[in-house]
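The values are calculated or read from the model by the stated rules, or taken from the named source; none is laboratory data. Just so it is clear, the model here is predicted, and its values are computed rather than measured. For neighbour counting, all protein chains shown are included, and Cβ atoms are generated from backbone atoms with ideal geometry for every residue, glycine included. For the accessible areas, the whole protein counts, side chains as well, though only heavy atoms, and no ligand, DNA or RNA atoms are used. Shrake-Rupley method; radii C 1.70, N 1.55, O 1.52, S 1.80 Å.
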Amino acid sequence: MHILSLKHITKHVLIENIPDPPEFYLPLYGYKGVLKTIVETGQYVKKYELLAQAEDLFSTAMHAPASGIIEGIEIIEGKPHLKLVNDFKETAIDLPLQKSVQLEPAAILEILKQYGIEGSGGARFPTHLKYNLRNEDVDVFIINGAECEPYLTADYALMQNKTEALFKSIISIQKIIKAKKVVFGIEKQNKELVTILKAFYSLCDFPVEIKLLPNTYPQGGELQLIKSITKKELPKGSRPLDHRIVLSNIGTLWAIYNALFHNKPYVERVITLSGEDAVKKGNFYVKIGTPVSHLFNLSASKKERQQIVLGGPMMGKAVTDYKSPVTKGTGGVLILPEIQNEKYNCIECGYCANACPQRLMPMEFARYAKTENTTQLLSHRLLDCIECGACAYICPSDVPLMRSIYHGKEILQNTIAL
Amino acid sequence: MNLNPHIKAKKNSVSAIMFDVIIALVPLVLAAYAAFGFTAIWLITTAVITCLVTDFLFNALYAKKYNSFLDGSAIITALLLSFTVSPLTPWYVVAFGSFCAIVFGKLLWGGLGKNRFNPALLGREFMTAFFPIMSTAAIWSTNSIRNIKDFHLFANDSLLGMYSNNLVFKTTGALGEYSMLFIVLGGLYLIIRKRISWHIPFTILTIFLCGTWISSAYDLELKYSIAGMVLGSIFMATDMPSSPNGYPGMLYYGSMIGLVSIFFILGNVRFEYLSYSILLLNGFTPFINQIFRPRAWGEKVDYAVKTEKIFLLTLAIITVALAIITLHYYDFIKYLIYIYIVYITFKFNFSFIKNIHNPI
């Protein structure tokens, strides 16, 4: 399905800095589980200092984006966040210097783990686990440059302005995964990137390709991207590595570059600030933990019936508490007018089924989530839904499709748990 | 709190879809006016007003929805219903048909989108069942009231010229059938606007024309109205709630309508062949949707099982078609309508009314 890209608004602006917020709310949750804090309330911490970590299977870490004082844990939208009050002195701790170019694979993985590198596309899977192969061969290393969400151009800006950094990052990763080839997936609407990327092919001692992808939504979804590049249709829930594929997001590569070449833990990322009600628009370096209220004060033209969305307009989350922070998986912050729903009956137009990238029939989810019919929900394969929002975007009747999908998945989870 | 997505497709609401269909139908109203003047306009207006009033009253009474009659669907039902009748039809018959189309075709199912059958065609069958005059040949002898007989856009002396003129304007048949050109243009407009897809009209017409061609090889002369076929396959068979919603399902549904309408013509169904075929397949639409459910991403499909299901479904459809031919032969279709009235009234009272505020 084609949707308005709205990327022209921020596509050709350079990445800029914004002032740091007076306080940070550092998310104490990751891909799974909760991070354990290792600092105490009232403690003074330096920039880059380790604040919290999880030592379980999906271990990851959170570092201080600035120096300041810890003011305890605050629950925002049901999730724990560590509050850090910025003293604006930028006192950094000395991290052991690394000579990244000579780093061994094991050492690189250790740095990714210690520096809290996570997938930056949204799911926040710990990167050191993704690259940690057990003697598996990798045929293709896919660089996900398909930023299919409208408005968002953070990955585009990185590809355009930080191309060399991204390539250095890829070369380091290739030392670990040794993929037979590297493929950049970028959308046709961004084809001007091809020449920019090609200029750096010579840095690599492995084959690099660029694959132009259709401008459809959701092209950047993992399964859809793999199909476009390798022709393999992986069922939902399968591990790409089992099919000798590794994928990484542009934002992740940028974080890896900062860790390996600038000795910086993951405390900052590039996000797009945009939306119809945003005044200051563009791509910005933003510290992890920056509350959206800070960005809202910088950018919004304040109006009635407005909403702030963390992420893209299709899959992002509308925040109810403006303290909600930018996380390592946030590609953008959008200030949008609230949409008005039409509320007609479903007319069986089939638009949702045609838009569904997983080829499901979303209207059936609305039908059977209401009656809590788990058999039908399963036989219509609700669990294959990737929650991309394409069905609800196109629905002419504004049938509560997403609500039914989330509700249906909840019912299924409960019945499976029983 | 609002869930994702936070943006919506623009100009894509139900009323926008209905408005597009109305745009596609308006030229046919003009053609009807050209052919039969105010007689045609009077019938069409009767249908539109009856549909709107019925829709409003019923919705206000049972669902406490006071503006849902403005969604445009009642106007479409009215236009399509009036397009299937002769200009000689008495106005009260059209009013009765319109009332039944809205009540028994749409509202008793629970409202817009929940109907299994095309309301306009159902309304037409109600008229035939309750007014025997509707199935006589007399009602089609319209020569006396015709406004303009012919319209010569091309020189009428060659065969090609005559043929072309007939495509632009030809005053035989029902009110919506006078301009093949406008019908096709309306269809193209809807396809471009993605309000219908080509699959259903294309398969109906292809299978139907193949059928007539094969029949003619066996010296069977089939009597049908090609403009009526095109009108029905573009505007009636594609009705969203009553037709399948995936492309493979649409192809099957269209093919079966084409096939079954050949059977009906061969079975001496003189005027109702297409409306019977569409209504019959409407009834099977939920099964078609089920069997032709798209293959989900990464799903493995057992094609042997699927083929068997399609085979059995086809047998069922043909069996029902033969049954209908028999019922039609004995003039028993009206009893089918009576049974339907009883069934849908009970169904509404005991089941559908509970669901009336549900969008699906």
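Excluding ligands, DNA and RNA, the accessible surface per residue across the stretch B:197-329 is 45 Å² with a 1.4 Å probe.
For the stretch B:197-329, what does the alpha-carbon gyration tensor say about shape, rounded, prolate or oblate, given a ≥ b ≥ c as the root eigenvalues, a/c under 1.5 as rounded, and a/b over b/c as prolate? In terms of gyration-tensor shape, prolate. Computed over chain A with a Gaussian network model linking Cα atoms closer than 10 Å, the most mobile of A:E348, A:E164, A:E23 is A:E348.
The ellipsoid that matches the Cα gyration tensor of chain A has semi-axes, each √(5λ) in whole angstrom, of 32, 27, 22, with the longest given first. Other protein chain C-beta atoms within 10 Å of residue C-beta, averaged over B:9-22: 4. Across the stretch A:177-186, coupling constants 3J(HN,Hα) worked out from phi with the 6.51/-1.76/1.60 Karplus curve, θ = phi - 60°, read 8, 6, 5, 5, 8, 10, 10, 7, x, 10 Hz, and Gly and Pro carry x.
Measuring from each cysteine beta-carbon in the protein assembly as shown, the ones with no other cysteine beta-carbon under 4.7 angstrom are A:C148, A:C204, A:C346, A:C349, A:C356, A:C385, A:C388, A:C395, B:C51, B:C100, B:C210.
Considering only A:D277, A:D384, A:D205, the Gaussian network model of chain A with Cα springs below 10 Å gives its largest mean-square fluctuation to A:D205.
Counted over all Cα-Cα pairs of the stretch A:351-417, pairs farther apart than 16 Å make up 35 percent.
The DSSP beta bridges internal to the protein assembly as shown are antiparallel in roughly 60% of cases. A protection proxy built from the mean count of other Cβ atoms within 10 Å ranks the segments B:68-79, B:180-191, most packed first, as B:68-79, B:180-191.
The P(r) of the stretch B:209-256 has a tail past 15 Å containing 57 percent of all C-alpha pairs. 3J(HN,Hα) along the stretch B:209-223, derived from phi through the Karplus expression 6.51 cos²θ - 1.76 cosθ + 1.60 where θ = phi - 60°, amounts to 5, 4, x, 5, 5, 5, 4, 5, 5, 9, 6, 9, 9, 9, 9 Hz, with x in place of Gly and Pro. Model label points for B:R193 and B:T314, set 7 angstrom from Cα along the Cα-to-Cβ axis, are 3.6 nm apart.
Just list whichever of A:K198/A:K287; A:K7/A:K281; A:K11/A:K303; A:K280/B:K10; B:K170/B:K334 have alpha carbons separated by over 21 Å in the model shown. Those over the limit are A:K198/A:K287; A:K11/A:K303; A:K280/B:K10; B:K170/B:K334. Cα centroids of the stretch A:255-282 and the stretch A:30-46: 22 Å apart.
Once both labels are positioned 7 Å from their Cα atoms along Cα-to-Cβ, the gap between A:E233 and A:Y44 label points is 6.2 nm. What FRET efficiency comes out for A:D205 versus A:L14 if R0 is 30 angstrom and r is the Cβ-Cβ distance? Round to the nearest 0.05. The value I calculate is 0.45.
Residue by residue along A:354-366, Cβ atoms of other protein chains within 10 Å of the local Cβ number 4 on average.
Under conditions of 10 °C and 1.306 mPa s, chain B yields 74 µm² s⁻¹ as its translational diffusion coefficient, taking Rh as the Kirkwood radius over Cα pairs in the Stokes-Einstein equation.
The convex hull around the C-alpha trace of the stretch A:100-261, projected and averaged over every direction, spans 8.7 square nanometres.
With a 10 Å cut-off around each Cβ of A:393-402, the average count of Cβ atoms from other chains is 6. Less than 5 angstrom separates the built amide H of A:Q306 from those of A:E338, all sequence-distant by 5 or more or on a different chain. Residue-normalised convex hull volume from the C-alpha trace of the protein assembly as shown: 198 Å³ per residue.
Where does the charge balance sit around A:L377 when Lys and Arg score +1, Asp and Glu -1, over other residues with C-beta under 10 Å from its C-beta? With Lys, Arg at +1 and Asp, Glu at -1, the neighbours total +1. Across the stretch A:143-160, rounded Karplus estimates of 3J(HN,Hα) from the backbone phi angles (6.51 cos²θ - 1.76 cosθ + 1.60, θ = phi - 60°) give 9, 7, x, 8, 9, 7, 5, x, 6, 6, 9, 4, 5, 4, 4, 5, 5, 6 Hz, Gly and Pro being marked x.
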